[in-house]
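The structure appears right after this line, and notes come after that.
The values are calculated or read from the model by the stated rules, or taken from the named source; none is laboratory data. Treat the numbers as computed from the prediction; the structure is a model and nothing was measured. Counting neighbours? That spans all protein chains shown, and the Cβs are built from the backbone with ideal geometry, glycine included. Just so you know, the surface numbers come from the protein's heavy atoms only, side chains and all, with ligands and any DNA or RNA stripped out. Shrake-Rupley method; radii C 1.70, N 1.55, O 1.52, S 1.80 Å.
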Amino acid sequence: MNVETLLMLVLAAVAVAIVLLVVLLLRRPEAVLASLSLKLEDALREEQRGGRTELRQQLDSLSTAQGQRIDGFAARLTEFSTRTDQRLDVLREALGEDARKARSEGADTQQRLGESLGQRLAELTQRNEQRIGELRATLESQLKSLQADNAEKLEQMRATVDEKLQSTLNTRLDASFKIVSERLEQVQRGLGEMQQLATGVGDLKRVLTNVKTRGIFGEVQLGALLEQVLTIEQYETNCITVPGTGERVEFAVRLPGSQPDQPIRLPIDAKFPREDYERLLDAQDRADAEAVIASGNALERQVRLEAKRIRDKYLAPPHTTDFGLMFLPTEGLYAEVLRRPGLFEALQRDFRVTLVGPTTLLALLNSLQMGFRTLAIEKRSSEVWQLLAAVKGEFGKFAGVLEKATTQIDTVQNSIKQAGVRTRAIERQLRGVETLPGVEVEATPLLGDDSPG
């Protein structure tokens, strides 16, 4: 019996004792129960002591048996390891012998294989040398033939290329020489034109050097602008604007006055202070600040002096306007004068002179031309009103005549209506008259033929 079986038996006995004790307790009185419980407890303690003693003995016997088994197993394991070592020694010796035999056989086999490979390699090398020699000979022969063919083709190509290059070179050289000749001719013509232009510039410079000639240049430009915008009746040239003096202004625009035969003139004088303006431009090109200031002041003084001359010579209200125009013939000069601070307003305030350039004067003349057209329209409108008044009178007379004609037409219509009434009455009276044969033929010469034919 093992330990587990013993434990099961002890537990079963305890359970039976507990059941019996419960049954006795249920049936006996309390005293009996108390004694029985004491007895039962003693029995249980005794049985437990016996069970523990038996269990201890079983455990001791079991441990002894287990130790014997372990000692036997250790002895068998020692014997097995001894046998295994012996077998391993035998196996090791056998493997070493086999390895020695295999190495000797492998060396012999390798030696035989190396000898056979050497023979095959020698044969293969000999065959390759023979094939390489044959291939070299074939390649040399083919290369020689190829070189000969290439040399022949290159010679042909060289001849063709030389021929084409020669023809192309000749064509291009001819075209280039032609272009160069044309360009040289153009350059020669350009040089001739430049010489003529240089001559013209020199002539213009000589012309502009003279003060009188510069005045003529501005006058011509001013006259061209006036002729472009105004009609010949709307401005005068070289006219006296101040009565009793011999001072003549270059141009004056005729403005309508209080009397048709007494126009008011607007004097326009052209000025061209070239020296001062050129000195100012040279100073600006050199970036000389002091020279720029000095040249600008000189130009301003000259413009003020010319404005004073215009006021003193050509302004005399009411024969002229209370202001005059100073025409500067170039836009650059006009812009430079306008750039001077306060100069434009000072000339208008002190000398009653307004500065104008080509563009400004053209705009001003267009404005004056619109004014002239407005005045012409006003004059023609008065004539149109007179004509309309005359037409109105004649139209009244025409209405009276038309009324008389209407009355007469009504009278004629009434007469025609009465004649129609009488005609229809006569026809009614003549319906009963019978027509005799032959009367119609005789009536024609008696009454006459009233037909248009």
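Using the alpha carbon gyration tensor of segment 278-331, what are the three equivalent-ellipsoid semi-axes (square root of 5 times each eigenvalue), largest first, in whole Å? Please report the intermediate quantities before stating the final value.
Working: eigenvalues 208, 23, 7 Å².
Listed largest to smallest, the semi-axes of segment 278-331 are 32, 11, 6 Å.
Take Gln156 and Leu59, extend 7 Å from each Cα along the Cα→Cβ direction, and tell me the distance between the two endpoints in nm.
Simple spin-label model gives 12.3 nm for this pair.
Where the centroid of each part is defined by its Cα atoms, how far is segment 76-91 from segment 346-378 in Å?
That distance is 143 Å.
Take Asp322 and Lys308, extend 7 Å from each Cα along the Cα→Cβ direction, and tell me the distance between the two endpoints in nm.
2.3 nm
Leaving ligands, DNA and RNA out of it, rank Arg274, Arg422, Arg279 by accessible area with a 1.4 Å probe, largest first. Intermediate results must be reported in sequence, preceding the final value.
On the way: Arg274 30, Arg422 160, Arg279 125 Å².
The most accessible residue leads, giving Arg422, Arg279, Arg274.
Excluding residues fewer than 8 places away in the same chain, name every one of the aspartates and glutamates whose C-alpha is closer than 12 Å to that of Lys313.
Glu247, Glu250, Asp269
Could you list which residues have their amide H under 5 Å from that of Thr354, counting only those 5 or more apart in sequence or on another chain, with H placed in the peptide plane?
When sequence neighbours closer than 5 places are left aside, the close amide H contacts are Gly324, Leu325, Met326.
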